[in-house]
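Peer 1: Structure below; questions to follow.
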Amino acid sequence: MMSESLKDSVRRIFAPNGALCSRIPDFKRRDSQEAFALAVSEAIDSHSTVVVEAGTGTGKTFAYLVPALVSGSKTIISTASKTLQDQLFTKDLAKLCSALGMSADVAVLKGRSNYICKYRLEKLLAQGLLPERDSFQRLKKIIDYSRISQIGDRNEVSGVPENDPLWPWVTSTKENCLAGKCPHFDDCFLTRARRRAQEADFVIVNHHLFLADLSLKDDTMASLLPQAELVIFDEAHKLHDIGIDYFSDSFSLWEIQSFIEEGRLVGKAHAPGSVNWDDRFMSIRQSLLRLHQTLHHRLDIEYDTEKEIAGIADFAEVIKEPFSDLVGELDAISTVFSQLKDANDEMELMAQRSVELCLRAKQWKDTLANPDTRKTLGDTPSVLWMRLTEQNAVFSNTPLSLAASFSKARASMKNAWVYTSATISTRRESGEADFSYFLSELGLKSDTPTQSWDSPFDYPYQARFYLPKDLPGVFDDNFSDALVEATWPLLQKTQGHAFFLCTSFRSMEAISDALRRRIGANFTLCVQGESPKTELLERFKSSANAILVGSMSFWEGVDMKGELLQLVVIDKMPFAQFDTPVARARKEWMTAQGKNAFVCYQLPEMITTLRQGVGRLIRSENDFGVIVFGDNRVIEKRYGKLVLNSLPPMIRTQDFGRVYSFLDNPDEAY
């Protein structure tokens, strides 16, 4: 008797009398979910790629987990958010395995800096040189946790902020890790995590780690990906932006500062009489400061700005001397460490680090000496730019496309790849899903199989899309006040329960100011920046009449079901402006190829972001609410129809009475 095929097994599991319907009490069977699972099954059988868009409520997690489990494939799942990682690890896989009567070994793997380094923790205690006066109180919490934990994940240590200056001293980098020479190598938290990942059936990572591996930034992980028979990218719409960072070549003054702080302590601890380490590293610090001041004062580069280096007048000439001095200082300290490298493993590692850092500095000195020459990374055009802050300067050579690098990496692997998100495509005027932008951004062939299923939610019944009449244009000085005034009666009707999603910090501040002038004590106003994001969301949930005002970080990954959220107000279409060196260079590159950068780049990027923001409103079958949209370009510009076609099929109106009646009684208003 022939064994059951993967597709037949999947159909049986998703059947009305199958394991999911009969064993998971809250499971809702959907044809689109089964079709999604069958598309994944096809990719597994043929070791191919499939791109799947599944609207909110489709159940995409079970749709890709079921065929992965049934096929027995070694699977890597890459997500953009820690929330989804945790949900997969603590909830979804366990629930599914229980329903199917199966077991799966699951591991979560994070980047190196997420794991406490026992050796560096030990050395910090021995040296007793803490970054702040009160650091020991928090260091004790790290020590207590490291003694009882089997995982060593810094995120599990309560009471130590994520940005605490202690963390770099008790975690490792690829540069300062002793690897096999470390006395704690066998019981190292990172080593354990990587061994678990090699053994596990399912490995859950984030896009940052996956792309760091793909770009060969950490070759100790190079064996992870080829062993996987199935790679699933959830929240795949974030891949390109994250990937551009990882395929860039960057050099920062902070790298040198970090080396200075650690090198001085290592030298004083292991070769105290050989060199005056304080003076030696003070010379490097002074060179570093001189370079930083040259960028700010002589070249007049403002803090917190990004500049294309070719456009900075006299850049190469002005920076030549201070950068050469810095390279000379690094060369000198490299020589010192090389002469002392036989003292012990730490000095040998520091000698190696100093040589590599000096080499990188020399390479960047040569690159910055000729900023006007055409830049490339591999065969892809790139742009040379820099960002200056009060404490740092970062120089980057950034590719204008990820397509070639990603395509090359994908071609070397013979496994199945699944890309999925609720927002991958735009919509043509016919309403048909258009995946061309996503495919081109990631170097996928135009004939790559794609599938799209709309959300199963009843948007015409559950939601309204309201564009208030007579609003000024989005660039009018009175726009924010007018938008708040137009929304105010709805806010009173819902007693808050509203998000204002803003496209810029300036807009966020203007809208929050306009709200403060109106709300008095009757509402709780939660504004981004006043508290950490998690605290703001908790305050919003726990308050009976809250209004949250946030910028782009609240446009996705926020899930408020039921009556918690009834209004989502979006100020304008979230166009990314061509005001950064990378965006401007991409626009010019596309134009040179005869492409319309607005149509081929700016518009699809905006639509993807807008769909994420609109998607905050309806999160379940029982949700009801209104999208208030302030941008009248959606009905005035030719591209407006494309934008509206790409949004869920809500009833659209400019009639305030219809919207107010809907909030009063959705059943009667339908």
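The values are calculated or read from the model by the stated rules, or taken from the named source; none is laboratory data. Predicted model only: the values in this text are computed from it and were never measured. Cβ atoms come from the backbone with ideal geometry, glycine included; neighbour counts cover every protein chain shown. Keep in mind that these areas ignore ligands, DNA and RNA; they rest on the heavy atoms of the full protein, side chains included. Shrake-Rupley method; radii C 1.70, N 1.55, O 1.52, S 1.80 Å.
Peer 1: Would you kindly identify the strands (runs of 3 or more DSSP E) lying entirely within the stretch 356-430 that contain at least 1 residues that are open to solvent by less than 70 Å² (accessible area, probe 1.4 Å) and under 30 Å from Ala39 (Cβ atoms)?
Peer 2: Where strands (runs of 3 or more DSSP E) fall fully within the stretch 356-430 and carry at least 1 residues being open to solvent by less than 70 Å² (accessible area, probe 1.4 Å) and under 30 Å from Ala39 (Cβ atoms), they are 416-421.
Peer 1: OK, next. For Met590, indicate whether it is buried (at least 17 other Cβ atoms within 10 Å of the Cβ) and in contact with a Cys (Cβ under 8 Å, 6 or more places away or on another chain).
Peer 2: Yes.
Peer 1: Give the residue that is farthest from Leu20 (Cα to Cα), with candidates limited to residues of the stretch 70-117 that are open to solvent by 20 Å² or more (accessible area, probe 1.4 Å) and of a type in the set (D, E, K, R).
Peer 2: My answer is Arg112.
Peer 1: Which residue is farthest from Arg196 (Cα to Cα), if the candidates are limited to the stretch 148-168 and must be part of a helix (DSSP H, G or I) and open to solvent by 50 Å² or more (accessible area, probe 1.4 Å)?
Peer 2: My answer is Pro168.
Peer 1: Filter the stretch 504-524 down to residues that are farther than 29 Å from Pro161 by Cβ and not in a helix (DSSP H, G or I) and give me whichever is modelled with the highest pLDDT.
Peer 2: Looking at the filtered set, the residue picked out is Phe523.
Peer 1: Identify, by number, the condition in (1) closer than 22 Å to Thr609 by Cα; (2) surrounded by fewer than 16 Cβ atoms within 10 Å (Cβ to Cβ) that Leu444 doesn't meet.
Peer 2: (2)
Peer 1: Related question: In a loop (DSSP other than H, G, I, E, B) and either in contact with a strand residue (DSSP E or B) (Cβ under 9 Å, 6 or more places away or on another chain) or surrounded by fewer than 20 Cβ atoms within 10 Å (Cβ to Cβ) (or both): does that describe Arg120?
Peer 2: no
Peer 1: Looking at the stretch 538-553 only, could you name the residues that are open to solvent by less than 30 Å² (accessible area, probe 1.4 Å) and either hydrophobic (A, V, I, L, M, F, W, C) or in contact with an Asp or Glu (Cβ under 6 Å, 6 or more places away or on another chain) (or both)?
Peer 2: Result: Phe540, Ala546, Ile547, Leu548, Val549.
Peer 1: From (1) modelled with pLDDT of 90 or more; (2) open to solvent by 40 Å² or more (accessible area, probe 1.4 Å), pick out the condition that doesn't hold for Lys217.
Peer 2: (1)
Peer 1: Of all residues in the stretch 1-45, which are of a type in the set (S, T, N, Q) and either over 30 Å from the mean Cα position of the chain (by Cα) or open to solvent by 80 Å² or more (accessible area, probe 1.4 Å) (or both)?
Peer 2: Hits for the stretch 1-45 are Ser3, Ser5, Ser9, Asn17, Ser22.
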